[in-house]
Amino acid sequence: MLTLPSNTPASEVDPRLAADARELQTVLSDLMRVVQFRDRDRICCHDVSVTQCYALGAVLRRGPLTLNELAAELYLDKSTASRVVKALAEKSYLERLPHPDDGRAVLLVITEAGRRLHGAIERDLQAEVETLVADFDPEVRRALASLLARLSRSAVAAARETCGCRVG
């Protein structure tokens, strides 16, 4: 990894960096816009919002979470996360259980119905991605996944640094 003195812009060390970053920003912006609309259209067919689906995924991946942990994971304020949890609990996709170590807190746990719903949504979204990358060589698909995972880790680390959030 390249380490720069704190007052040296990275683009001075690599003059191509600014142009590459601009091109990547444009491509990512286009891709994210398409994915956001696709997610909204596909996920909402399952009677949950995109944010509710992300919340289910976070609890499924990380295990029981407190409301504060979920809010940080989703980059939401606590009141918004609370409304998301309330809606998911009313639909029986999440349960609120007493926190074993903190009498004031609750743990959010995904229910079996929540697992089934999230699995169905993930299968729908994966099928669409399979269609998109079917013509790519297997090595290219694996390299793409590896590069995007690395970019995602960098973005999470930058978000942690910038906002002090506990994410990822």
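The values are calculated or read from the model by the stated rules, or taken from the named source; none is laboratory data. Here the structure is a predicted model, which means the values were calculated and not measured. Note: ideal-geometry Cβ built from the backbone for every residue, glycine included; neighbour counts use all protein chains shown. The protein model used for the area step is the full one, side chains on, heavy atoms only, and it has no ligands, DNA or RNA in it. Shrake-Rupley method; radii C 1.70, N 1.55, O 1.52, S 1.80 Å.
General remarks:
- With every protein chain in place, the range 46-150: carbon and sulfur % of accessible area (1.4 Å): 54
- Nearest-20 debye value, the range 108-168 charge dipole, Cβ charges on Lys, Arg, Asp, Glu: 400
- Qualifying trypsin sites (Lys or Arg not before Pro) in the range 46-110, where qualification requires a DSSP coil assignment and no more than 10 other C-beta atoms within 10 Å, comprise ARG104.
- Förster-model FRET efficiency, 45 Å R0, HIS99 and ARG33, C-beta, rounded to 0.05: 0.70
- Compared with the alpha-carbon gap, the fully stretched path from LEU60 to LYS78 is longer by 4.6 nm at 0.36 nm per residue.
- Cβ-based charge dipole, the range 11-168, positive-most Cα from VAL84, LEU125, LEU28: VAL84
- Two-site label geometry, ASP137 and ARG160: point separation in nm, points 7 Å out along Cα→Cβ: 3.5
- Prolate/oblate/rounded call for the range 6-86, Cα gyration tensor, a/c under 1.5 rounded: oblate
- Exposure rule at most 14 other beta-carbon atoms within 10 Å, DSSP loop chymotrypsin sites (Phe, Trp or Tyr not before Pro): the chain longest free segment: 1-74
- Note on the range 71-168: dipole from Cβ charges, positive end direction compared against VAL140, THR111, LEU97; the farthest Cα belongs to LEU97.
- Surface exposure of the range 1-152, expressed per residue as accessible area with a 1.4 Å probe, stands at 68 Å².
- Rounded to the nearest 20 debye, the dipole magnitude of the chain is 460 debye, with +1 charges on Lys and Arg beta carbons, -1 on Asp and Glu beta carbons, and the Cα centre as origin.
- Span-like helix ranges in the chain, DSSP H, alpha carbon extent 27 angstrom or more, Kyte mean at least -1.0: 17-43, 112-133, 138-163
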